[in-house]
1. Among the hydrophobic types (A, V, I, L, M, F, W, C) and either in contact with a helix residue (DSSP H, G or I) (Cβ under 8 Å, 6 or more places away or on another chain) or surrounded by fewer than 11 Cβ atoms within 10 Å (Cβ to Cβ) (or both): is that true of L53 in this structure?
2. From the list G183, G187, exactly one residue is in contact with a Ser or Thr (Cβ under 7 Å, 6 or more places away or on another chain), modelled with pLDDT under 95 and closer than 15 Å to F131 by Cα. Which is it?
3. For residues that are closer than 16 Å to L245 by Cα and touching a helix residue (DSSP H, G or I) at 6+ places or on another chain (Cβ under 9 Å), tally how many sit in region 191-205.
4. Mind checking which residues of region 1-28 are at pLDDT 65 or above and either basic (K, R) or within 60 Å of the chain's Cα centre (by Cα) (or both)?
5. Which ones in region 187-204 are out of contact with any strand residue (DSSP E or B) (no Cβ under 6 Å at 6 or more places or on another chain) and either without any contact (Cβ under 8 Å) to a residue 40 or more places away in the chain or in a helix (DSSP H, G or I) (or both)?
6. Return the residues of region 190-225 that are of a type in the set (S, T, Y) and either within 23 Å of the chain's Cα centre (by Cα) or surrounded by 19 or more Cβ atoms within 10 Å (Cβ to Cβ) (or both); say none if nothing qualifies.
7. Could you list all residues from region 179-223 that are within 22 Å of Y65 (Cα to Cα) and touching a Gly at 6+ places or on another chain (Cβ under 8 Å)?
8. From the list N254, N250, N246, pick out the single residue that is assigned to a strand (DSSP E or B) and in contact with an Asp or Glu (Cβ under 7 Å, 6 or more places away or on another chain).
Amino acid sequence: MAKEEDKKKSGEWREFFWNPRTHELLGRTASSWGLILLFYLVFYTFLAGMFCLTMYVMLLTLDDYKPTWQDRLATPGLMIRPKGSSMEIQYSKQNTESWDKYVKTLNSFLTPYDNSQQVMNNDPCTPDKYFIQEDSGSVRNNPKRSCQFNRTVLGDCDGLTDPNYGYRDGKPCIFIKLNRVIGMLPGKDGQSPYVTCGAKREDSELLGDMAYFPSNASFNLMYYPYYGKKAQVNYSQPLVAVKFLNLTLNTDVNVECKINSNTISDFSERDKFAGRVSFKLRIED
């Protein structure tokens, strides 16, 4: 009995897969399968066409050189180099390997700012004046030129007079840059934005003296507006170097640097990156 039942079930299953009497495959005739496949072919072809049409219309609204929409903070952020791990720069003066990594990072970072590279790629510009390069109607003025930023303006922190950037002597140089924002005009009436640094309140007695390079600690207006990486292929982002001259050793010193501008006035206390950057310094004797 058991064998007969197994044979019966096996026969039913084979007949469901292919019924030679009705010529049905999996319970459907060839015409039924054909209609189903035709429906899905038309359906997915329609979906693919809608997707391609949507992408085409969206691409028509995009600009190769400038974002169609710029969702950004009213106050751009700052960043430092070298930034270390978790915005902490720690080393020992006696341990060369502990600070040599920072020196190598800065050497690589400043190479594009070599005077020879700047003279070859960029233009000498008029200071304290925006370098505006308008398009001529629908004719784009691309690629746009960029102003020279020679590393020698960084004084004692240019890596040429002191190839160790002060790290060996416990007087490190930190480089600050303002985040790039296309079309931003960060000053007016010929007044460039400038940087000020100070210790956090609890570390105010540990910071010591600082020197800025250039001496006015400013990002000159001639480097603005920024037109984007594709439009300004040789753009050199302006820098401000801060040299810490007599930092208290063997202890953590929390530093905050801030941008000051007559066009940027709102600093959100809830956003610690708006117009400022915080980092920790620790130098072991």
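1. On the way: among the hydrophobic types (A, V, I, L, M, F, W, C): yes; either in contact with a helix residue (DSSP H, G or I) (Cβ under 8 Å, 6 or more places away or on another chain) or surrounded by fewer than 11 Cβ atoms within 10 Å (Cβ to Cβ) (or both): yes.
Here the answer is yes, as L53 does meet what is asked.
2. Details: G183 fails: in contact with a Ser or Thr (Cβ under 7 Å, 6 or more places away or on another chain).
Unique residue meeting the criteria: G187.
3. 0
4. Selection gives R14, F17, R21, L25, L26, G27, R28.
5. R201, E202, S204
6. To start, the set of residues in region 190-225 that are of a type in the set (S, T, Y) comprises 192, 194, 196, 204, 212, 215, 218, 223-224.
Once the filter is applied, which keeps residues that are of a type in the set (S, T, Y) and either within 23 Å of the chain's Cα centre (by Cα) or surrounded by 19 or more Cβ atoms within 10 Å (Cβ to Cβ) (or both), region 190-225 yields S192, Y194, T196, Y212, S218, Y223, Y224.
7. Restricting attention to region 179-223, the residues satisfying the condition of being within 22 Å of Y65 (Cα to Cα) are 179-186, 221-223.
If the condition is that a residue be within 22 Å of Y65 (Cα to Cα) and touching a Gly at 6+ places or on another chain (Cβ under 8 Å), then N179, I182, L221 are the ones that fit.
8. Working: N250 fails: assigned to a strand (DSSP E or B); N246 fails: assigned to a strand (DSSP E or B).
None of the other options fit; the residue is N254.
The values are calculated or read from the model by the stated rules, or taken from the named source; none is laboratory data. In this text the structure is predicted, and so the values were computed from the model without any measurement. Glycine gets a Cβ as well: all are built from the backbone with ideal geometry, and neighbour counts include every protein chain shown.
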